[in-house]
């Protein structure tokens, strides 16, 4: 996710202002990636913490995503 967003962000930075119009394909991809980045599944720290809990046999909380 980080690499995809970084790559698309580079393209957006060089594409000019029109990339921010709602009918821009690149703009849409960028907005989608920014939205997806906020999902807990793509949070590296939280995923690593959950993996550590599973490996260590620590009980998971109801707020942990599986």
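The numbers here are math on the coordinates, done by the rules we state, and not lab data. Note that this is a predicted model, so its numbers are computed, not measured.
Would you kindly state how much longer the chain becomes between residue 11 and residue 46 on full extension, computed as 0.36 nm times their sequence separation minus their alpha carbon distance, in nm to one decimal?
Full extension of this stretch gives 9.7 nm more.
So what's the back-of-envelope 222 nm ellipticity for the chain, counting only DSSP H runs of four-plus at -39500 (n - 2.57) apiece and dividing by all residues, rounded to 500?
Rounded to the nearest 500, it is -19500 deg cm²/dmol.
Given Cα pairs under 8 Å that are at least 6 residues apart, what percent is the relative contact order of the chain?
Computed over the chain, the figure is 25 percent.
Compute the whole-percent fraction of alpha carbon pairs in the chain spaced more than 20 Å apart.
Here the tail beyond 20 Å accounts for 45 percent of pairs.
Any chance you could run the full-extension gain for residue 4 through residue 25? It's 0.36 nm times the residue separation minus the Cα-Cα distance, nm to one decimal.
6.0 nm
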